[in-house]
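Visitor: My questions all concern the structure below.
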Protein chains: 2
Amino acid sequence: MSNPVLVEVLRGGHVESRHRGAVAVFDADGKAMLEIGDTQRPVFPRSAVKSIQALPFVETGAADAYGFGDRELALACASHNGEVGHVELARAMLAKAGLDVEALECGAHWPSYQKATIELARSGGTANALHNNCSGKHTGFLCACCHGGIEHRGYVRADHAYQEMLRGALEDVTGAAHNADNRGTDGCSIPTYAVPLRNLARGFARMATGVGLGQERAKAATRLFAACMAEPFYVGGTDRFDTRLMNVAKGRVFTKVGAEGVFCAAVPELGLGIALKCDDGASRAAEVTVAAVIARLLKGDALADEIAEFTRPRLTNWNGIEVGGLRPAGELA
Amino acid sequence: MSNPVLVEVLRGGHVESRHRGAVAVFDADGKAMLEIGDTQRPVFPRSAVKSIQALPFVETGAADAYGFGDRELALACASHNGEVGHVELARAMLAKAGLDVEALECGAHWPSYQKATIELARSGGTANALHNNCSGKHTGFLCACCHGGIEHRGYVRADHAYQEMLRGALEDVTGAAHNADNRGTDGCSIPTYAVPLRNLARGFARMATGVGLGQERAKAATRLFAACMAEPFYVGGTDRFDTRLMNVAKGRVFTKVGAEGVFCAAVPELGLGIALKCDDGASRAAEVTVAAVIARLLKGDALADEIAEFTRPRLTNWNGIEVGGLRPAGELA
């Protein structure tokens with residue numbers, strides 16, 4: 001079965017490229033509100049489930065023990081730009097647990113945000129693991145290990161005690177099996193498990209509402225979502241989609257990108273969770289898709305019009321001339 | 001009609017993403033040797049036709065008048081990394097025509113190659129139009145204008161005399177109409193025209209063989225292809241697909257990437273031209289596809305095995321761990 005075209009890329013009025021994909025919108029009880037394409041095919045959610053992976057960091061009391069607030073919680077759920085604000089906050093969090101950059105096992109890369117790379121190079125610096133877009137998530141893992149007296153070395157391995165806790169949280173929230181059969185390795189070396197979009201969508205409805213989760217888990221999920229929506233810069237950074245959209249939505253929408261064209265999102269006031277993947281892995285199309293879905297769910301609300309702006313990004317060239325743009329297609333048009 | 005899946009992206013043994021597209025392989029007489037998907041749908045070839053756009057630079061005598069050799073001709077056909085070698089050669093070419101960076105109308109961007117960006121920033125430099133991946137092509141345009149006594153200002157505009165010459169060359173080589181109806185604006189501000197893959201494939205067979213071209217045009221095409229195959233670094237740069245593949249092929253294969261998942265290529269000894277586009281615009285999939293097609297065309301030759309290596313790129317994460325890879329799918333598997 002071939003998923004439908006969700007997004008078209010235009011140049012000079014002609015469709016230049018096309019992105020296919022699938023979308024699931026579910027409530028916390030498992031009722032489908034919208035399904036486009038194959039929502040049963042397992043997909044690796046990658047970084048889109050970082051908020052679920054941050055649950056034990058809050059539930060174990062680690063976040064409170066170290067005195068962390070919204071910014072730190074948001075950074076634990078982030079795919080960040082590696083800007084100074086992200087790097088210094090991750091460094092400060094590690095220091096609270098008596099650790100430093102050497103404890104991070106995510107690997108180093110230059111900041112995802114080119115301006116941050118240029119500033120770092122100009123200042124004579126070089127990339128380390130703090131600049132890795134996943135360093136906040138890994139910092140949360142490390143803080144939880146230290147607080148819980150769990151040996152942190154090797155924390156990225158699938159058989160490590162902390163990864164087992166994360167696997168349990170992912171299974172609990174999504175209701176899908178997570179094991180060696182559906183396991184891959186993520187860019188930051190931790191396991192990622194392929195599960196159906198419908199399970200992810202229901203899971204994000206549960207995260208947003210607490211329905212179907214234990215009391216402590218529901219409280220932790222609410223705190224993490226609230227933190228991300230209150231401090232969107234720490235979830236992404238300058239010019240990042242999640243940051244821009246959550247800034248506009250002012251606490252009413254949660255979104256989180258994952259590599260290879262994935263988004264998980266929620267509209268808490270509607271009790272709905274959203275999960276989608278562009279077949280080809282393109283972030284640009286996943287962004288347009290998630291915005292189109294949210295704008296549709298909020299139809300009639302002034303916020304829907306603001307979010308609809310994200311469904312029509314303009315493409316400009318190196319002289320700033322508008323040469324085309326993206327638009328939702330098919331059922332999302 | 002939906003084009004077939006040409007490339008799969010794997011993670012942990014599972015297919016994570018899929019790329020669809022179309023492929024045309026034609027000889028210079030217009031005989032189809034291979035067609036996959038819709039090869040009649042017009043596509044913007046973008047930078048994949050830079051060698052055709054470099055024809056007047058040679059035909060007018062400009063390249064010879066300024067004493068340019070293989071490197072300069074290759075750079076005129078390039079989408080380069082903005083490495084020091086590319087930037088300094090473009091600067092030297094402009095100087096021969098009495099011009100400098102100010103004459104370039106392509107716009108500025110930081111080098112496509114991250115290491116070059118970091119080096120430039122570390123040295124206290126900043127990006128200018130010479131770093132633009134298209135600066136070599138634009139330099140060729142400018143040199144031809146100066147040599148021919150054509151006012152160069154505004155040379156990027158569709159109605160400029162030199163763009164009219166380029167449009168004529170594109171129509172002649174591809175046999176497809178190029179006009180306002182199928183025109184878009186490229187990233188570097190010049191026009192790009194959407195034409196069917198089959199026309200592009202036949203056009204590249206003509207470029208490789210001279211069949212169907214006038215004598216001067218055939219000579220210029222042969223010189224440009226020979227220059228690119230002799231100096232692959234100047235067509236792309238460190239780690240670039242075209243550079244790596246042409247280095248391996250040692251003068252037997254010409255390839256050129258275009259933005260949004262396009263390749264135009266040729267195997268001169270077989271008299272065949274190749275054109276392809278991944279529907280979603282992904283370069284990673286277009287690279288695997290063009291390598292798979294060339295390996296198939298050369299089947300039984302030792303070079304086919306070397307080129308087959310390009311069809312299975314490994315994906316490693318930030319710790320250097322292999323986490324997956326790409327592979328040809330469907331008819332190309």
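Quick note: the coordinates plus some simple rules give every number you see, no bench work behind them. As the structure is a prediction and not an experimental result, all values here were calculated from the model. Cβ placement follows ideal geometry from the backbone for every residue including glycine, while neighbour counts extend to all protein chains displayed.
Visitor: Can you tell me the FRET efficiency between A:ARG153 and B:GLU102 if r is taken as the Cβ-Cβ distance and R0 is 60 Å, rounded to the nearest 0.05?
Guide: Working from the Cβ atoms, E equals 0.60.
Visitor: Right, something else. If you put a point 7 Å past Cα along the Cβ direction, how far is that point for A:THR238 from the same point in each other copy, in nm, smallest first?
Guide: 2.6
Visitor: Would you kindly state how much longer the chain becomes between B:GLU309 and B:ALA92 on full extension, computed as 0.36 nm times their sequence separation minus their alpha carbon distance, in nm to one decimal?
Guide: The B:GLU309-B:ALA92 span can extend by a further 74.5 nm.
Visitor: When Lys and Arg each count +1 and Asp and Glu each count -1, what net charge do the other residues less than 12 Å away from A:GLU306, Cβ to Cβ, add up to?
Guide: Net local charge, A:GLU306 excluded: 0.
Visitor: Oh, and also: Sort B:LYS299, B:LYS96, B:LYS31 by Cβ crowding within 10 Å, fewest neighbours at the top.
Guide: Fewest-to-most ranking of B:LYS299, B:LYS96, B:LYS31: B:LYS299, B:LYS31, B:LYS96.
Visitor: Right, next: With the cut-off at 23 Å, tell me which of the pairs A:LYS115/B:LYS256; B:LYS256/B:LYS277; B:LYS50/B:LYS277; B:LYS50/B:LYS96 have Cα atoms farther apart than that. Don't jump to the answer; show the numbers that get you there.
Guide: Working: A:LYS115/B:LYS256 29 Å; B:LYS256/B:LYS277 12 Å; B:LYS50/B:LYS277 16 Å; B:LYS50/B:LYS96 21 Å.
Distance filter (> 23 Å) returns A:LYS115/B:LYS256.
Visitor: Further question on the same structure: Using r as the Cβ-Cβ distance of B:VAL248 and A:VAL248, and R0 as 41 Å, what FRET efficiency do you calculate, to the nearest 0.05?
Guide: Computed FRET efficiency for B:VAL248 and A:VAL248 comes out at 0.25.
Visitor: State the Kirkwood hydrodynamic radius of the protein assembly as shown in Å, one decimal place, computed from all pairs of distinct Cα atoms. Kindly include the intermediate steps, with their values, before the conclusion.
Guide: Working: mean 1/r = 0.0384 Å⁻¹.
Evaluated over the protein assembly as shown, this radius sits at 26.0 Å.
Visitor: What shape does the stretch B:1-120 have by the C-alpha gyration tensor, where a ≥ b ≥ c are the square roots of the eigenvalues, rounded means a/c under 1.5, and otherwise prolate means a/b greater than b/c and oblate the rest?
Guide: oblate
Visitor: Pull out a ≥ b ≥ c, the square roots of the eigenvalues of the alpha-carbon gyration tensor of the stretch A:264-330, then state rounded if a/c is under 1.5, prolate if not and a/b is larger than b/c, and oblate in the remaining case.
Guide: Details: a/c = 2.88, a/b = 1.59, b/c = 1.82.
Oblate, since a/c reaches 1.5 and b/c is not below a/b.
Visitor: Return, in residue-number order, each cysteine of chain A whose C-beta is not under 4.7 Å from any other cysteine's C-beta.
Guide: Cys with no partner Cβ under 4.7 Å: A:CYS77, A:CYS143, A:CYS145, A:CYS146, A:CYS228, A:CYS264, A:CYS278.
Visitor: Given R₀ = 51 Å, what would the calculated FRET efficiency be for B:GLU322 paired with B:GLU269, taking r from the Cβ atoms and rounding to 0.05? Don't jump to the answer; show the numbers that get you there.
Guide: Working: r = 35 Å, r/R0 = 0.69.
For R0 = 51 Å, the calculated efficiency reads 0.90.
Visitor: Turning to a different aspect of this structure: How about the stretch A:149-197: which GluC sites (Glu not before Pro) there are in a DSSP loop, with at most 13 other Cβ atoms within 10 Å of their Cβ?
Guide: Those satisfying the criteria are A:GLU151.
Visitor: Give the distance, in whole Å, between the Cα centre of the stretch A:1-24 and the Cα centre of the stretch B:263-329.
Guide: The stretch A:1-24 and the stretch B:263-329 have Cα centres separated by 24 Å.
Visitor: Something else: Just to confirm a number: summing +1 for Lys and Arg and -1 for Asp and Glu over residues other than B:GLY325 whose beta-carbon lies under 13 angstrom from that of B:GLY325, what do you get?
Guide: 0
Visitor: Measure off 7 Å from each Cα along the Cα-to-Cβ vector at A:LYS299 and A:ASP70, then give the distance between these two points in nanometres to one decimal.
Guide: About 3.2 nm separates the two model spin labels.
Visitor: If we hang a label 7 Å off Cα along the beta carbon direction at A:GLU164, how far is it from the matching labels on the other copies, in nm, shortest first?
Guide: Ordered by increasing distance: 7.7 nm.
Visitor: For a quick check: sort B:PHE141, A:PHE204 by the number of other beta carbons within 10 angstrom, fewest at the front.
Guide: The order, fewest Cβ neighbours first, is B:PHE141, A:PHE204.
Visitor: Give, to the nearest whole percent, the P(r) tail of the stretch A:5-332 beyond 30 angstrom, counting all Cα pairs.
Guide: 30
Visitor: For n ≥ 4 DSSP H runs only, could you compute -39500 (n - 2.57) per run for the protein assembly as shown, divide by its residues and tell me the 222 nm figure to the nearest 500?
Guide: -11500 deg cm²/dmol
Visitor: Shifting gears a bit: May I ask you to sort A:MET33, B:MET229, B:MET207, A:MET246 by Cβ crowding, counting other Cβ atoms within 10 Å and putting the fewest first?
Guide: In increasing order of surrounding Cβ atoms, one gets A:MET33, B:MET229, A:MET246, B:MET207.
Visitor: Once you order the gyration tensor axes a ≥ b ≥ c over the Cα atoms, which shape class does the stretch B:215-333 get: rounded for a/c under 1.5, otherwise prolate or oblate by comparing a/b with b/c?
Guide: Prolate, because a/c is 1.5 or more and a/b exceeds b/c.
Visitor: What number, in percent, do you get for the relative contact order of the stretch B:5-332 if the mean sequence gap of Cα pairs under 8 Å and at least 6 apart is divided by its residue count? Mind showing how you got there, number by number?
Guide: On the way: 736 pairs, mean separation 81.6, N = 328.
Reported relative contact order: 25 percent.
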